[in-house]
Amino acid sequence: MRGFVFLLAGLLVTSLIGGAQNPKDCASVKENGDEVTLRAESWDPVLTIGRTLADHYGINVSVEAPKWAFPGDTEDVAVADPAFSEQHDNIHYDIMKRHAIEVRFSTSGNRHPDDVARLLRQLADAANREMPYGYRLDVNGGDYALVPTRTRNSTGDLEDVLPLLDRKVTIPLGTRSIAEHSNLMADELRKQTGLHIGCCQALVAGVPWGMAEVRFEADNKPAREVLKWLILIEQQVNSQASSRHPNYDHWVVSCDGTGTPWCFIEVEGKFSSRCP
């Protein structure tokens, strides 16, 4: 029961920190002519900058956080941000220590980064220098994903890890809601890792993601590919609907290895006004 309480606390903190439309949760944007500097100092500056790029520039970038398990990499949220803790019933929970990351890039006449892949590689390199984690950049056309490949284990030693969504899953053929298909994917990942894994509620007011029923299966496919397919199917179904639906086109993954270990997969959309 105690572990379940800590799991709920962790998900609550992640939802509040990640979902609140608060400038503190977004990178600062400083423009000097055609040069732009993004700076983030937060629990997860890679996610902070990624969300800012999606909101300000419409870049389709997914960010998958590493599972952090070393107690020395954590701090009490009440110490890190007393005002936040006080506003949320004086909550106490271990979170990743704050890190500061800064990236610079040039823009063209349309104010869009000139070289998105180069910018995101710069972000991954900065994270790898400043944080005890490691990221790789996956590029597929105009879609990008920053994927964790290294973290510290519970004893503080750096180790290479198999990214959560690199794992292969099987979903039996059936007609279910898209959300149910995604839950089956999460169940497969839970069985493989022993983590508590949730997927894939969009923490935005409005129509929930994945309500349409579709026929679908996946046979030993990487979970990341399965998630991409489900997002695409949901987009296609919504494009034919009479009412307007939010357009979710990428995802973020939050994880914690302390206490009761968990990961949460959340679908998101560009230009969401999360970072005004």
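The values are calculated or read from the model by the stated rules, or taken from the named source; none is laboratory data. Quick caveat: nothing in here was measured; it's all calculated off a predicted structure. As a convention, Cβ positions derive from the backbone with ideal geometry for all residues, glycine included, and neighbour counts pool all protein chains shown. Surface areas here come from the heavy atoms of the whole protein model, side chains and all, with no ligands, DNA or RNA. Shrake-Rupley method; radii C 1.70, N 1.55, O 1.52, S 1.80 Å.
Among all positions in the stretch 26-35, there is no residue which is hydroxyl-bearing (Ser, Thr, Tyr), buried (at least 24 other Cβ atoms within 10 Å of the Cβ) and part of a strand (DSSP E or B). Per the conditions (1) at pLDDT 95 or above; (2) assigned to a helix (DSSP H, G or I); (3) of a type outside the set (Ser, Thr, Tyr), the sole criterion not satisfied by ALA218 is (2). Checking each residue in the stretch 238-259 for being over 18 Å from TRP43 (Cβ atoms) and either at pLDDT 90 or above or among the polar types (S, T, N, Q) (or both) picks out ASN238, SER239, GLN240, SER242, SER243, ASN247, ASP249, HIS250, TRP251. Note on the stretch 36-70: among residues that are in a strand (DSSP E or B), in contact with a Phe, Trp or Tyr (Cβ under 9 Å, 6 or more places away or on another chain) and not hydrophobic (A, V, I, L, M, F, W, C), the one that is surrounded by the fewest Cβ atoms within 10 Å (Cβ to Cβ) is THR37.
Put simply, of LEU164, LEU173, LEU158 the only residue that is buried (at least 16 other Cβ atoms within 10 Å of the Cβ) and either farther than 21 Å from ASP256 by Cα or not hydroxyl-bearing (Ser, Thr, Tyr) (or both) is LEU164.
Among the conditions (1) surrounded by 14 or more Cβ atoms within 10 Å (Cβ to Cβ); (2) modelled with pLDDT of 90 or more; (3) not hydroxyl-bearing (Ser, Thr, Tyr), the only one that ASP114 does not satisfy is (1). Scanning the stretch 181-203 for residues that are open to solvent by 60 Å² or more (accessible area, probe 1.4 Å) and without any contact (Cβ under 8 Å) to a residue 24 or more places away in the chain turns up ASN183, ASP187, ARG190, LYS191.
Yes or no, residue by residue, for (1) surrounded by fewer than 19 Cβ atoms within 10 Å (Cβ to Cβ); (2) in a helix (DSSP H, G or I):
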{"residue": "ILE95", "(1), (2)": "no, no"}
{"residue": "ILE101", "(1), (2)": "no, no"}
{"residue": "ARG104", "(1), (2)": "yes, no"}
{"residue": "GLY109", "(1), (2)": "yes, no"}
{"residue": "ARG118", "(1), (2)": "yes, yes"}
{"residue": "ARG121", "(1), (2)": "yes, yes"}
{"residue": "ASP125", "(1), (2)": "yes, yes"}
{"residue": "ARG129", "(1), (2)": "yes, yes"}
{"residue": "PRO132", "(1), (2)": "yes, no"}
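The numbered conditions (1) touching an Asp or Glu at 6+ places or on another chain (Cβ under 6 Å); (2) under 30 Å from GLY58 (Cβ atoms) are all true for LEU173 except (2).
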